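Okay, so here's the structure we're looking at.
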Amino acid sequence: MPQADLPLDVKLMTAATRALTALFALMCLGAFGLWAVWHPAWSVKAISVHGDVAHQNAVALRVQLATPMQTTLSSSFLTVDLHQVRHLFEGVPWVRQAVVQREFPNRLRVTLSEHRPVAWWGEAGGGQLVNTAGEVFDASPDDIDGLPELVGRPEQSARIWALYQPLAVELDRLGLGLERLALDERGSWRATLNNGARIELGRGTQDDLLVRVARLTATLSQLTQRYPGALESVDLRYPNGYALRVRGVTTTIDGNGKPQPNKR
């Protein structure tokens, strides 16, 4: 009998049967998929770690991540949350970035990038360092010596590191090492040299500050030759010159670089 000639109730029964059959097929397919996903063959068997591991070897990582990894790795290889695994690795000291990838059939590959320290944040040995991107991170190294100190609010760390680099190069022209650079709450900069001398840089943009320091380095060699090893402090906050203090002498330098010493 043609489909069009069937009674309405028969048409409804046929449509319902087809719908139930399709639904059953979908349920079977879903059940098979879940079984396949959670089959022991798909469990994560191993994690390989690559990249920068100078401060975090495999043993140290295993000890630090054993407990939090248990929950994460209870998932199937196909469903494990790679973002969560990355977050766990990036929470380990010295790890700046972790890239996590699946390796068929049951391994995870983690590639690490470590922080590269360039300065202490605050006091040397205080447990915080600054990396090459100007970011502050927590670490307690035992084998780092000779790093400068950067001081300020944590959100200003990149700005302070950005000024430190050209400032250190400029001062190095005179054989002076920049040991400490600080930005206070009022926006005023102060530098401390490796001979203990202090430089008041004042406020302003990076370009403004570097112009003041360049004015200093252009004339300081003449003065330090007259008073070798006696430099105590420099004040660059003058509009057309700077004030220089050496032991026993206070000297004001005008805009032409001419000293006007006054005995103390």
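The values are calculated or read from the model by the stated rules, or taken from the named source; none is laboratory data. All values reported here derive from a predicted model rather than from experimental measurement. Using ideal geometry, Cβ is built from the backbone for each residue, glycine included, and neighbour counts are taken over all protein chains shown.
A compact table of results
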| quantity | calculated |
| --- | --- |
| Counted residues, the range 209-230 - those being modelled with pLDDT of 85 or more and out of contact with any Leu (no Cβ under 9 Å at 6 or more places or on another chain) | 3 |
| Exclusive hit being hydrophobic (A, V, I, L, M, F, W, C), crowded, with 19+ Cβ neighbours inside 10 Å and not assigned by TED's automatic domain parsing to the domain that holds Ala218, set Val99, Val110 | Val110 |
| Those residues of the range 129-138 which are surrounded by 16 or more Cβ atoms within 10 Å (Cβ to Cβ) and either in contact with a strand residue (DSSP E or B) (Cβ under 7 Å, 6 or more places away or on another chain) or modelled with pLDDT under 95 (or both), in sequence order | Leu129, Val130, Asn131, Val136, Phe137 |
| Which numbered condition Gln206 misses (of (1) among the polar types (S, T, N, Q); (2) within 23 Å of the chain's Cα centre (by Cα); (3) more than 27 Å from Gln97 (Cβ to Cβ); (4) surrounded by 16 or more Cβ atoms within 10 Å (Cβ to Cβ)) | (4) |
